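In what follows, a structure is listed as structure tokens, so that the remarks can point back to it.
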């Protein structure tokens, strides 16, 4: 679940480098590694990698009305929906297995932790074991139930099974902004299209992203593994949905991993430092980096920032390497962001 592109944070931080007090647990970022495919999105362009199309006869639609089953979720999903896409080890390496389905005229996204057995022959070994993946899914349930925001696809149901919960979400319409590194130069990719939206549209979508995180912070959540692969954009509307927030943490915590999960392009310095405090200032940094990366039209240059000077200044402050130099909370950052207006 790691990603890297050139300079880790895009802005020149001088001589600052992530500390590495425990090299065995906190290895420096290496080559980009495959990311799980966040696949709530309804339209095909948002799917990265190879997703196996599957067709089954539609049956009694009860994905949103059943609370527990005594069989494997995969079989149950096949029995009560038409599977449009399956996302497994062929398209991502998280160990999760998910489906985009149609049930009773409604498109849904079903996410599970997969099986506890060994990986399929030739499949990558997941970063987390089955129990770890189940923990993250339960964390995602807590987050969805604690925050009601239009940018979050609704969690419609949770089905308990012998292999853990199956999370039933509404399917978000749009294109996944994050693409593989080799696709980022393609001018027709969602990544490039997003970065070159008209300024008022792009900044409006970032308003949604910031507003969502004000709500999440109010519920106690600190961002983790937030990157462009969490963003689904409906270019027609336009509208932004944010998905796959399984790794968010409730309240201030301590970095116990060293190099944490996430994309190097958007991670805060403390997410590389074993023992560092992770709090709302970590969220502020990641929000700032996402906005800066795309609002500068992928150039990382202040002169190319597509918003007013006040907005650029607010984002630059959010991206300071030292947490002490950033806004103290997401609300503080949001206040300066929205106060900048839209020249």
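Annotations
- Here residue 302 and residue 67 are evaluated by their C-beta separation; at R0 = 35 Å the FRET efficiency comes out at 0.10.
- For the stretch 214-343: relative contact order, % (alpha-carbon pairs under 8 angstrom, 6 or more apart): 22
- Computed log₁₀ I(q)/I(0) - Debye formula, equal Cα scatterers, no solvent, the stretch 175-339, q 0.14, 0.21 Å⁻¹: -0.67, -1.53
- Added length on full extension, which subtracts the Cα-Cα distance from 0.36 nm per residue, residue 252 to residue 75: 59.8 nm
- Computed E for residue 142/residue 184 - FRET, C-beta separation, R0 30 angstrom, nearest 0.05: 0.35
- Reducing the stretch 296-321 and the stretch 113-150 to their Cα centroids gives an inter-centroid distance of 35 Å.
- With the simple model of a label 7 Å out from the Cα in the direction of the Cβ, residue 331 to residue 219 spans 1.7 nm.
- Computed lengthening from residue 322 to residue 149, 0.36 nm per intervening residue step minus Cα-Cα distance: 59.3 nm
The numbers here are math on the coordinates, done by the rules we state, and not lab data. Everything numeric here is computed off the predicted structure, so don't read it as measured data. Glycine also receives a Cβ, built like all others from the backbone with ideal geometry; neighbour counts cover every protein chain displayed.
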